[in-house]
1. Say whether the condition of being touching a helix residue (DSSP H, G or I) at 6+ places or on another chain (Cβ under 7 Å) and more than 24 Å from residue 225 (Cβ to Cβ) is met by at least one residue in segment 391-401.
2. Are any residues in segment 92-135 assigned to a helix (DSSP H, G or I), without any contact (Cβ under 8 Å) to a residue 12 or more places away in the chain and more than 22 Å from residue 176 (Cβ to Cβ), and if so, which ones?
3. Got at least one residue in segment 387-401 being farther than 28 Å from residue 317 by Cβ, at pLDDT 80 or above, under 39 Å from the mean Cα position of the chain (by Cα) and in a helix (DSSP H, G or I)?
4. May I ask you to list the residues in segment 355-382 that are surrounded by fewer than 17 Cβ atoms within 10 Å (Cβ to Cβ) and touching a strand residue (DSSP E or B) at 6+ places or on another chain (Cβ under 8 Å)?
5. Write out, first by first residue and then by second, each pair whose Cβ atoms fall under 8 Å of each other, whose residues are 6+ apart or on separate chains, and whose first residue, in segment 25-39, is assigned by TED's automatic domain parsing to the domain that holds residue 49 while the second is part of a helix (DSSP H, G or I).
6. Give segment 222-246 a look and list any residue that's at pLDDT 85 or above and under 16 Å from residue 207 (Cβ atoms), or say none.
7. Restricting attention to segment 301-320, report how many residues are surrounded by 12 or more Cβ atoms within 10 Å (Cβ to Cβ), outside any helix (DSSP H, G or I) and free of Cβ contacts under 8 Å to residues at least 24 places away in the same chain.
8. Residue 264 versus (1) part of a helix (DSSP H, G or I); (2) modelled with pLDDT under 80; (3) surrounded by fewer than 19 Cβ atoms within 10 Å (Cβ to Cβ): which is the lone unmet condition?
C-alpha cells in the first residue's frame, strides 16, 4: 500500500535525537528538541529520553560518525525503545540505514508533523492537502520499504525482464498524486466560488496568524462567542474557521483562525496548505498573535514572519498581539522587556479577559479608513436599500419620521454610491474607533 508506514502509530517508547554542527547552534537545537518532545507527545508516543549531539560535519550515511551512531543505537536498545525520532530531516537513504542498524522504527521531524496533520485534518480540503503531502513524502521512500518491491513482473507474452514491482508502485503512486491534485483543485474552485459569494457582501476581514499553540482559537472564541476547538496542544486545529464579530464602533468584522506555524515546518506542508493560508493574503489586515509566556517568543515571531514572507503576505498590515500576559504577573521585568521590544503591540489575556476591549478598539482603528458612519433618511418605499444596509453594514439605530426611515449606520465605502442620495450627515470614523459611543457629528453631506 502506498502510504507512510503505520509504524509511528504503533510505537510506545521513543528516543529523541538532534544533531547540530556549529556550537553557536546549540541553544536553538536544544529548544527545537524540546519542541519535538511536545510534537511526539501529541502523537501519544512516550518519550523515554532525548539526546543532543554535536558533530563536526554531516555524515552522508547517518548524519554523525559511525561510532556515535553505534552509541545511539546501543542507548536506544538499552532503554527498550521501539522508535528513534530525529529532529533533523533524514534522507530516505539515511532513514533506511538507521533502521537497518537499529532494527527499529526511525522517523524524522517531518514525518511526526505529517502524522499530526493527518490526525487533525477535518475538512475535505485539509484532508486532501495532508494526503498529498504524505504521498509526496513517501514517494522517494518506496525503495526497500516492503520486501515485495524487487519482484519482477512478466509472464506469457511479456517482453524483456518485465517491470519491477518498485517501478509499478512508483507509477501507481504518481497516478494517485495526480488524482489527489485534481481533487484538490476542484475543492479550491468551490472555495473560490464561496469566497466570491462572500465578497458580494463586502465585510472587512481579518486573519489571526501566529505560532502553533499561541492561543489563536481561544482568542477567536473569546471575541466572537464561538466554540472552536481550543486545546493546549501543538496543531490542535488545522482547518480555517471564520466567525463574525461586532466591533465597538458598530461595524462588523469577519475574523478567521488559521493553522499555526512552527519552526522547520516541512516545505511540502507550506505548499500543501497555501490554499488554506491564503486567507491571510486576502484579509484586510492580520492579527499576529504571540505567546507572551514563551521564552522563545522572539524566535517564534520571526518564524511566523518568515512563513508569511514565503506566502507573499509580508507587506500585509498587521496588528501585533501578545497573549497570555497573565503568565507574567510574577515577572514584571519580563513584561517591561516585551513592551520595549514590541512597542506597538496590544497585550491581552484570553484567560482573564485583560486587554480584549483595547484589542477590539485597535481593530476598529485598522478599519477606520474603509468604512463610513452615516445618518441616513430613506423613504419607506426604498425598503430594498434598508434591507441591504442590514445585510452588508451595521445599523446602529433605526427610527421613523413620516414616510421616512431614519438610520445611523456603519457601511463599507463600497456602498457609498448606493446611499449617497439619502445621506443627512457623515460621522468621523477614525474618531469613532476610539470610543464605544456612537457620536453623530454634523458635517457636509457626501459628494
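The values are calculated or read from the model by the stated rules, or taken from the named source; none is laboratory data. Everything numeric in this text was worked out from a predicted model, so none of it was measured. Cβ sites come from the backbone with ideal geometry, for glycine too, and all protein chains shown count toward neighbours.
1. Within segment 391-401, not a single residue is touching a helix residue (DSSP H, G or I) at 6+ places or on another chain (Cβ under 7 Å) and more than 24 Å from residue 225 (Cβ to Cβ).
2. 99, 100, listed by residue number.
3. yes
4. Within segment 355-382, 358, 370, 377, 379, 380 qualify.
5. Close Cβ pairs (under 8 Å, with a partner that is part of a helix (DSSP H, G or I)) amount to 28/299; 31/299; 36/109; 36/112; 39/109; 39/112; 39/113; 39/116.
6. 223, 243, 244, 245
7. Adding up the residues that qualify gives 1.
8. Result: residue 264 passes all but (1).
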